[in-house]
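This report refers to the structure that appears directly beneath it.
The values are calculated or read from the model by the stated rules, or taken from the named source; none is laboratory data. Given the structure is predicted, the values throughout are model-derived calculations rather than measurements. Heads up, the Cβs are rebuilt from the backbone with ideal geometry, glycines too, and the neighbour counts pull from every protein chain shown. Note: accessible area is taken over every heavy atom of the protein model, side chains too, but ligands, DNA and RNA are not part of it. Shrake-Rupley method; radii C 1.70, N 1.55, O 1.52, S 1.80 Å.
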Amino acid sequence: MTEHILLAEDNPRDVEITLDLLASARPGSIVTVVHNGEEVLDFLLLKGDFRLRKPGHPTLILLDVKMPKITGLELLARLRSDPAIAAIAVVILSSSRHEKDMLEAHDLGADGYLLKPVTAERLAGAIELALRERDGKRTP
Amino acid sequence: MAMVSIAVLGWIDYLTGYEYGFSLFYLIPIVIIGWTDGAMAGTLTGAAGSIAWSTADYFLFHTLLQVTVWNGFTRLAIYVAMGVLMARLRAERERLQNANSELEAFSYSVSHDLRSPLIHINSFASKLQKQAASRLDEDSTRYVGTIIDSAATALKLIDDLLEFSHLGRREFHRSDVNLNEIVAGVRQQLEQEIDGRNVSWNVHPLPTVRGDPAMLRIVMLNLLANAVKYTSREEAAVIEIGGHEANGNHFVFVRDNGAGFNPEYAAKLFRVFERLHDQREFEGSGIGLAIAHRIISRHHGTIRAEGQPGKGATFHISLPATS
């Protein structure tokens, strides 16, 4: 089954850098780009611009922290509190090395926290680990 | 009389814009102790406000005053003086808390907003270097390389500064710290950097100290990483680590046979961004030792260095055994 990654990132330069990295880290995966937490929710819950998209959840969400409207951490809190979408793997990919963000991401249930700049190898490793851990949580 | 006191103090409270911290808490002491002392004691409690003046402190103070100062007017004067002092302490504490909040917000902004553009410069310059390699002449290739290196240096500087600034505000988690384990972990982390080099480690048994494990790990990492760096030009690098306990203190040293330094400038070693070696000789931001110094200070310990140019350096740490 083709892997589907939802990338939530508001800065177009970071989008370009991350798409390049993903092409090396997870070749063959389909990547959808959204620009803030609100669009992530619209995508997942088939609302707004995404109401007519084909149903189905992404394999993993790559999430920036600082975004307009709904931030990455606010979105993560909402994700984990909604049973319909709580089980999706989430890896934070952020420029913020503030300890507060890292701790909060961990407490809110992020499956990984990567600090930019990141190599394709590290990104691949973090995604692999996140998916394995989520699979482990799903299968008793 | 108690009600009159309450009314008068309440008006003073209102008229001074609550500056002197009079509060309704004086009702309780008035009832328990009696109207004059009670009113003043209540004022003192109110002025103490958010300062750590516990109920036990307050009753101890009042009891001591009752026992040692028999003159009512003198007691009144002491209460008023203490009340004013407490109010000023509270105001100063609020000012410092506001300054700290602003610093936290600034640090957060730097942590993300200043790092982002540097990451972009580094990433796109690297892409340019790869994609245009065959089309760039020697000078242009060097220019692009300089852009990449400078962006990486700036990013490291920001990260080091953030680390340094955060140290003072980070919560201190005290526990027994086995320095032997810390050193073993740090050595493993540094293995990649000494790959292919002839480095001898001479590690003696180290004491278990009281402190913050994460912070002490940073100290050992900075000292050992420095030893590895400044011995990089030696054919056979020797790094010795040891420690002992004496006179209620734990002593630890890290010694190397590397580049050393001029002892005339020893005082500069632990200052932020001060370096005693050219970037062309040895890379570095000049903040590692400042970070180590700050951490050891938080442990109420000391750190000092000895050295001679070309004859290595020794860093001595002392930590109180019962910190």
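Of A:Lys69/A:Lys100; B:Lys156/B:Lys229; A:Lys47/A:Lys116, which sit over 24 Å apart, Cα to Cα? Provide the component values of the computation, followed by the final result.
Details: A:Lys69/A:Lys100 20 Å; B:Lys156/B:Lys229 17 Å; A:Lys47/A:Lys116 31 Å.
Table pairs above 24 Å Cα-Cα are A:Lys47/A:Lys116.
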Gain upon complete extension [B:Ala91, B:Arg233; 0.36 nm per residue less C-alpha separation]: 45.6 nm
Ranking by accessible area, most exposed first, for B:Asp176, A:Asp14, B:Asp113 with a 1.4 Å probe: B:Asp176, B:Asp113, A:Asp14
Relative contact order, percent, the range B:111-235 [alpha-carbon distance under 8 Å, six or more residues apart]: 25 percent
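Probe radius 1.4 Å, ligands and nucleic acids left out: which of B:His293, A:His57 has the largest accessible area, and how do the rest follow?
On the way: B:His293 75, A:His57 95 Å².
If we order B:His293, A:His57 from most to least accessible, we get A:His57, B:His293.
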Which of B:Val177, B:Val203, B:Gly258, positive extreme of dipole for the range B:175-259 (C-beta unit charges): B:Gly258
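At a 1.4 Å probe radius, which order do B:Asp212, B:Asp57 fall into by accessible area, largest first? Walk me through the numbers on the way to the answer.
Values: B:Asp212 5, B:Asp57 65 Å².
These residues rank, largest area first, as B:Asp57, B:Asp212.
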Loss of accessible area when A meets B, both sides summed, Å² nearest 100, probe 1.4 Å: 1700 Å²
Within 10 Å of each Cβ in A:92-105, the average number of Cβ atoms from other chains: 4
Charged-residue dipole, Cβ positions (Lys, Arg, Asp, Glu), chain A about Cα centre, Debye nearest 20: 320 debye
Calculated log₁₀ intensity ratio I(q)/I(0) where the Debye formula runs over C-alpha points of the range A:36-140, q = 0.14 Å⁻¹: -0.54
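For B:Lys130 and B:Glu104 in the same chain, what is the full-extension length gain: residue separation times 0.36 nm, less their Cα-Cα distance, in nm? It would help to have the intermediate numbers written out before the result.
Values: separation 26, 0.36 × 26 = 9.36 nm, distance 3.88 nm.
The span from B:Lys130 to B:Glu104 would gain 5.5 nm if fully extended.
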Residue-averaged beta-carbon neighbours from other chains (10 angstrom radius) around B:104-110: 2
Accessible area of chain A belonging to carbon and sulfur atoms, whole % at 1.4 Å probe: 56 percent
Projected label distance in nm at B:Ala246 and A:Arg132, using a 7 Å step from Cα toward the beta-carbon: 5.0 nm
Length gained when the stretch A:Lys100-A:Asp82 is fully extended (0.36 nm per residue, less Cα-Cα span): 4.1 nm
Two-site label geometry, B:Thr146 and B:Asp195: point separation in nm, points 7 Å out along Cα→Cβ: 3.0 nm
Average beta carbon contacts from partner chains per residue of B:111-121, 10 Å cutoff: 6
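Provide the FRET efficiency to the nearest 0.05 for the A:Glu121-B:Val84 pair, computing r from the beta carbons and using R0 = 60 Å.
Details: r = 63 Å, r/R0 = 1.06.
The formula returns an efficiency of 0.40 here.
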Shape of the range B:100-224, Cα gyration tensor, a/c cut at 1.5: oblate
